1. How many residues does region 63-75 contain that are at pLDDT 95 or above and either of a type in the set (Asp, Glu) or open to solvent by 60 Å² or more (accessible area, probe 1.4 Å) (or both)?
2. In region 27-41, what residues are open to solvent by 10 Å² or more (accessible area, probe 1.4 Å) and either within 20 Å of ALA91 (Cβ to Cβ) or assigned to a loop (DSSP other than H, G, I, E, B) (or both)?
3. Only one of these conditions is not met by GLN103: (1) closer than 24 Å to GLU29 by Cα; (2) within 15 Å of the chain's Cα centre (by Cα). Which number is it?
4. Inside region 96-111, can you point out the residues that are out of contact with any helix residue (DSSP H, G or I) (no Cβ under 7 Å at 6 or more places or on another chain) and either free of Cβ contacts under 8 Å to residues at least 40 places away in the same chain or outside any strand (DSSP E or B) (or both)?
5. Give ILE93, ILE119, ILE60 a once-over and let me know the one that is crowded, with 20+ Cβ neighbours inside 10 Å, in a loop (DSSP other than H, G, I, E, B) and touching a residue at least 24 places away in the same chain (Cβ under 8 Å).
6. Go through region 48-57 residue by residue and tally those that are under 23 Å from ILE119 (Cβ atoms) and open to solvent by 50 Å² or more (accessible area, probe 1.4 Å).
7. State yes or no: is PHE123 out of contact with any Lys or Arg (no Cβ under 7 Å at 6 or more places or on another chain), among the hydrophobic types (A, V, I, L, M, F, W, C) and under 18 Å from ALA30 (Cβ atoms)?
8. Might you let me know whether region 131-153 holds any residue that is part of a loop (DSSP other than H, G, I, E, B), touching a residue at least 12 places away in the same chain (Cβ under 8 Å) and more than 19 Å from GLN26 (Cα to Cα)?
Amino acid sequence: MSERKIHTAKKPLGQNFLNSPKALRQIIEASHLTEKDVVLEVGPGKGALTEKLLETGAIILAIEKDRELIPYLEEKFAVHIKSKKFKLVEADILEYALPKNIQPYKLIANIPYYITGAIIRNFLDEGKQPTHITLLVQKEVAERIVARDGKESIL
(Lines give C-alpha, C1' and ligand atoms only; values in the text may rest on other atoms or scores of the structure.)
Protein backbone atom coordinates (compact mmCIF):
# COMPACT_ATOMS: atom_id res chain seq x y z
CA MET A 1 0.00 0.00 0.00
CA SER A 2 1.43 3.39 -0.91
CA GLU A 3 2.32 5.89 1.75
CA ARG A 4 -0.60 8.19 2.39
CA LYS A 5 -1.35 10.86 4.90
CA ILE A 6 -2.56 9.06 8.00
CA HIS A 7 -6.25 9.77 8.27
CA THR A 8 -7.33 10.98 11.68
CA ALA A 9 -10.88 10.64 12.92
CA LYS A 10 -13.12 13.60 12.07
CA LYS A 11 -15.21 14.55 15.08
CA PRO A 12 -17.91 16.32 12.98
CA LEU A 13 -18.55 12.96 11.28
CA GLY A 14 -18.57 11.14 14.62
CA GLN A 15 -15.69 8.97 13.44
CA ASN A 16 -14.14 6.54 15.87
CA PHE A 17 -11.99 3.98 14.10
CA LEU A 18 -12.42 0.48 15.41
CA ASN A 19 -9.20 -1.38 16.10
CA SER A 20 -9.98 -3.69 19.01
CA PRO A 21 -9.37 -7.32 17.96
CA LYS A 22 -11.81 -8.46 20.66
CA ALA A 23 -14.59 -6.13 19.46
CA LEU A 24 -14.00 -7.13 15.83
CA ARG A 25 -14.17 -10.82 16.73
CA GLN A 26 -17.37 -10.31 18.72
CA ILE A 27 -19.04 -8.43 15.86
CA ILE A 28 -18.18 -11.22 13.41
CA GLU A 29 -19.37 -13.91 15.84
CA ALA A 30 -22.63 -12.09 16.56
CA SER A 31 -23.31 -11.69 12.82
CA HIS A 32 -23.28 -15.42 11.98
CA LEU A 33 -21.89 -14.76 8.51
CA THR A 34 -21.46 -17.26 5.71
CA GLU A 35 -20.15 -16.95 2.19
CA LYS A 36 -23.75 -16.73 0.98
CA ASP A 37 -24.43 -13.52 2.94
CA VAL A 38 -24.61 -10.00 1.59
CA VAL A 39 -23.50 -7.39 4.12
CA LEU A 40 -24.23 -3.69 4.12
CA GLU A 41 -21.44 -2.08 6.12
CA VAL A 42 -21.98 1.47 7.27
CA GLY A 43 -18.84 3.60 7.49
CA PRO A 44 -15.96 1.24 6.87
CA GLY A 45 -13.49 3.89 8.03
CA LYS A 46 -9.99 2.45 7.64
CA GLY A 47 -11.35 -1.01 6.90
CA ALA A 48 -10.59 -3.00 10.07
CA LEU A 49 -14.11 -4.46 10.24
CA THR A 50 -14.26 -4.75 6.45
CA GLU A 51 -11.22 -7.04 6.49
CA LYS A 52 -12.87 -9.36 9.00
CA LEU A 53 -16.15 -9.33 7.07
CA LEU A 54 -14.35 -10.27 3.85
CA GLU A 55 -12.57 -13.14 5.63
CA THR A 56 -15.98 -14.79 6.10
CA GLY A 57 -16.50 -14.95 2.34
CA ALA A 58 -19.55 -12.69 2.46
CA ILE A 59 -20.15 -10.06 -0.22
CA ILE A 60 -19.74 -6.57 1.21
CA LEU A 61 -21.41 -3.33 0.14
CA ALA A 62 -19.75 -0.54 2.13
CA ILE A 63 -21.15 3.00 2.35
CA GLU A 64 -18.57 5.63 3.33
CA LYS A 65 -19.35 9.33 3.69
CA ASP A 66 -15.77 10.57 4.15
CA ARG A 67 -14.46 11.14 0.63
CA GLU A 68 -10.87 11.31 1.90
CA LEU A 69 -11.09 7.62 2.85
CA ILE A 70 -12.39 6.44 -0.53
CA PRO A 71 -9.01 6.26 -2.37
CA TYR A 72 -7.42 4.53 0.64
CA LEU A 73 -10.19 1.92 0.80
CA GLU A 74 -10.16 1.42 -2.98
CA GLU A 75 -6.45 0.69 -2.85
CA LYS A 76 -6.61 -1.46 0.29
CA PHE A 77 -9.41 -3.64 -1.09
CA ALA A 78 -8.54 -3.50 -4.82
CA VAL A 79 -8.38 -7.29 -5.12
CA HIS A 80 -11.80 -7.69 -3.48
CA ILE A 81 -13.29 -4.94 -5.66
CA LYS A 82 -11.96 -6.67 -8.76
CA SER A 83 -13.40 -10.03 -7.65
CA LYS A 84 -16.76 -8.34 -6.93
CA LYS A 85 -16.69 -9.40 -3.26
CA PHE A 86 -16.50 -5.75 -2.19
CA LYS A 87 -18.29 -2.69 -3.50
CA LEU A 88 -17.57 0.75 -2.07
CA VAL A 89 -20.04 3.61 -2.41
CA GLU A 90 -19.33 7.19 -1.38
CA ALA A 91 -22.57 8.35 0.23
CA ASP A 92 -24.25 9.48 3.42
CA ILE A 93 -26.05 6.43 4.80
CA LEU A 94 -28.95 8.63 5.90
CA GLU A 95 -29.51 9.67 2.27
CA TYR A 96 -28.50 6.44 0.54
CA ALA A 97 -31.14 4.49 -1.37
CA LEU A 98 -30.65 0.74 -1.35
CA PRO A 99 -30.31 -0.83 -4.79
CA LYS A 100 -33.71 -2.08 -5.96
CA ASN A 101 -32.26 -5.51 -6.70
CA ILE A 102 -30.44 -5.97 -3.38
CA GLN A 103 -30.57 -9.52 -2.09
CA PRO A 104 -31.51 -10.21 1.53
CA TYR A 105 -28.74 -8.53 3.50
CA LYS A 106 -27.30 -8.09 6.97
CA LEU A 107 -26.57 -4.62 8.34
CA ILE A 108 -23.26 -4.52 10.23
CA ALA A 109 -21.46 -1.43 11.50
CA ASN A 110 -19.58 0.52 14.10
CA ILE A 111 -21.67 3.68 13.88
CA PRO A 112 -21.38 7.22 15.19
CA TYR A 113 -23.47 7.73 18.30
CA TYR A 114 -25.29 10.80 17.02
CA ILE A 115 -26.91 8.98 14.08
CA THR A 116 -27.58 5.62 15.72
CA GLY A 117 -31.31 6.21 16.17
CA ALA A 118 -31.70 7.58 12.64
CA ILE A 119 -29.87 4.61 11.11
CA ILE A 120 -31.93 2.08 13.02
CA ARG A 121 -35.20 3.85 12.19
CA ASN A 122 -34.26 4.18 8.50
CA PHE A 123 -33.49 0.50 8.13
CA LEU A 124 -36.51 -0.66 10.09
CA ASP A 125 -38.73 1.59 7.95
CA GLU A 126 -37.01 0.47 4.73
CA GLY A 127 -39.05 -1.62 2.30
CA LYS A 128 -36.23 -4.16 2.22
CA GLN A 129 -35.28 -4.56 5.86
CA PRO A 130 -32.08 -6.35 6.83
CA THR A 131 -32.41 -9.97 7.92
CA HIS A 132 -29.97 -9.30 10.76
CA ILE A 133 -28.47 -6.19 12.37
CA THR A 134 -25.19 -6.09 14.30
CA LEU A 135 -24.23 -2.61 15.49
CA LEU A 136 -21.45 -1.51 17.78
CA VAL A 137 -22.70 1.54 19.67
CA GLN A 138 -21.64 3.45 22.74
CA LYS A 139 -22.91 2.08 26.05
CA GLU A 140 -24.98 5.22 26.72
CA VAL A 141 -26.64 4.93 23.32
CA ALA A 142 -27.48 1.26 23.93
CA GLU A 143 -29.04 2.20 27.27
CA ARG A 144 -31.19 4.81 25.54
CA ILE A 145 -32.28 2.32 22.88
CA VAL A 146 -33.65 -0.04 25.52
CA ALA A 147 -35.07 2.68 27.77
CA ARG A 148 -38.38 1.52 29.18
CA ASP A 149 -40.11 4.86 29.69
CA GLY A 150 -40.47 5.71 26.00
CA LYS A 151 -39.39 9.33 26.29
CA GLU A 152 -35.76 8.38 26.89
CA SER A 153 -35.56 5.88 24.02
CA ILE A 154 -33.84 7.21 20.93
CA LEU A 155 -36.12 5.05 18.84
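The values are calculated or read from the model by the stated rules, or taken from the named source; none is laboratory data. On a predicted model such as this, the values are computed, not experimentally measured, just so you know. FYI the Cβ positions are ideal-geometry reconstructions off the backbone, even for glycines, and counts take in every protein chain you see. What goes into the accessible areas is simple: the full protein's heavy atoms, side chains included, and nothing from ligands, DNA or RNA. Shrake-Rupley method; radii C 1.70, N 1.55, O 1.52, S 1.80 Å.
1. Count: 2.
2. Of everything in region 27-41, those that are open to solvent by 10 Å² or more (accessible area, probe 1.4 Å) and either within 20 Å of ALA91 (Cβ to Cβ) or assigned to a loop (DSSP other than H, G, I, E, B) (or both) turn out to be HIS32, LEU33, THR34, GLU35, LYS36, ASP37, VAL38.
3. All conditions pass for GLN103, except number (2).
4. Scanning region 96-111 gives TYR96, ALA97, LEU98, PRO99, LYS100, ASN101, ILE102, GLN103, PRO104, TYR105.
5. None of the other options fit; the residue is ILE93.
6. 2
7. yes
8. no
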